[in-house]
Amino acid sequence: MTERFSKPVKFAGYQFEGFQGGEDPATVSRLAHETAAALVARVRAERDPEVVERLVTFTDEHGIDAIAELWSRATAHSLPGALWRIYLLRAMIRSDAAGIALYYQRGIAVARTIDPVIAGAPDPAGPDEVLALADEILRGIFTGDLAIALERAAAFARVEAAGCASLADDADAAEPGRATDLTTRASRLSTIAADLSASSKLWRSGGLD
C-alpha cells in the first residue's frame, strides 16, 4: 500500500475501484483499514492544500459510490467507517442543501443541547452555509484535530435528526407519508451521530484503526 499512496496528489478513480462484491470479507476489511490509515497519515503529514481540496471534493467528480466501494462495509467504529460516514453526510448535504438547511434550522430551534455550537454552522444557516460547513468538517479530518472534526459531524447529524423529528411531528396528521420519511431520516442521522461520536472518543484514546 505504500507505493499506492506515495504521491497523494494523484488520487484518481482507479485507486478507489476494484473492490467487487463477493470478495473475502477479511480481505475487504484489511484493504479498507489499510487505505484509510495510509490516506489519513500521508495527507496529515504533508498538509498539501491542493491534495486536501482534491480529497474534500473527490466525490463531486467520482461519485459517492467510489468511496462506498472502499469503506462502506467497514465497521462503524473504525477509521474507514468514520471516513465513510463523513463523506456520506457531505453527499447528503450536497444533494439537497435547501432541505438540509431547513432541517438544521428546525433542529437549532428545538435543540436543548450545545450541539449547534459544536457543529459550528451560523444561525441562520442557509444552503450555502451548510455546504460550507460540510467542506469545513471534512477538511478538518485531514488538517486539524480529527477527533474534533468527527464530533462536529456528530453534532451536525444530531441537530439534523432533531429537526427531522420535529418536522415529522408537524406533518404527522396531514402528510403521514412525509412524516414517516422524516422519522426514518431522523433515526438514520441519530445512528450516524452516535457512531461518529464513538469514533471521536476512540481516536482520542488511540483506539481508532
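The values are calculated or read from the model by the stated rules, or taken from the named source; none is laboratory data. Note that the structure is predicted; figures quoted are calculated from it, not measured. Ideal geometry is used to build each Cβ from the backbone, glycine not excepted, and the neighbour counts take in all protein chains shown. Ligands, DNA and RNA are stripped out before the accessible areas are found, and what is left, the full protein with its side chains, is counted by its heavy atoms. Shrake-Rupley method; radii C 1.70, N 1.55, O 1.52, S 1.80 Å.
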> Where in segment 101-157 are there trypsin sites (Lys or Arg not before Pro) that are in a DSSP coil and have at most 15 other Cβ atoms within 10 angstrom of their Cβ?
Replying inline: R112
> For labels at T184 and E129 in the simple 7 Å Cα→Cβ model, what's the distance in nm?
Replying inline: 3.0
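Per the 1.4 Å probe, what fraction of the accessible area of segment 27-90, in percent, lies on carbon and sulfur atoms? Intermediate results must be reported in sequence, preceding the final value.
Details: 1350 of 2640 Å².
Answer for segment 27-90 is 51 percent, counting heavy atoms of protein chains only.
How big is D for segment 83-144, in µm² s⁻¹ as a whole number, if Stokes-Einstein is applied with the Kirkwood radius of its Cα pairs at 20 °C and 1.002 mPa s? Before the final figure, lay out the partial values.
Values: Rh = 11.9 Å.
Value of D from the Cα-based Kirkwood radius: 180 µm²/s.
Carbon-plus-sulfur fraction of the accessible area of segment 95-192, 1.4 Å probe, in percent? Present the calculation step by step, with values, prior to reporting the outcome.
Values: 2420 of 4400 Å².
Of all accessible area on segment 95-192, carbon and sulfur atoms account for 55 percent.
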>> Among G120, G163, G107, which one shows the highest mean-square fluctuation when the chain is modelled as a Gaussian network with alpha-carbon springs under 10 Å?
In response: G120
> How many angstrom lie between the C-alpha centres of segment 23-51 and segment 107-132?
Replying inline: 30
>> Counting each pair of different Cα atoms once, what's the Kirkwood radius of the chain in Å, rounded to one decimal?
In response: 17.6
> Which residue, E46, E175, E34, has the most motion in a Gaussian network model of the chain that connects Cα atoms within less than 10 Å?
Replying inline: E175
> From the phi of every residue in segment 51-59, what ³J(HN,Hα) in whole Hz does the Karplus formula 6.51 cos²θ - 1.76 cosθ + 1.60 yield, where θ is phi - 60° and glycine or proline is x?
Replying inline: 5, 4, 5, 5, 6, 4, 9, 3, 6
> Residue by residue, what Karplus-based ³J(HN,Hα) values in Hz, rounded to whole numbers, does segment 108-121 have, using 6.51, -1.76 and 1.60 with θ = phi - 60° and x for Gly and Pro?
Replying inline: 4, 5, 9, 5, 10, 10, 8, 4, x, 5, 5, 4, x, 7
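Could you provide, to the nearest whole Å², the per residue accessible area of the chain with probe 1.4 Å? Walk me through the numbers before you get to the answer.
Working: 9920 Å² over 209 residues.
With all protein chains present, the chain gives 47 Å² per residue.
Once you have the Cα-Cα distance between T113 and D24, take 0.36 nm times their residue separation minus that, and quote the gain in nm to one decimal.
Values: separation 89, 0.36 × 89 = 32.04 nm, distance 4.29 nm.
Stretched fully, the T113-D24 segment lengthens by 27.7 nm.
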> Pick from S190, S29, S72: which residue has the top mean-square fluctuation in a GNM of the chain where Cα pairs under 10 Å get a spring?
Replying inline: S29
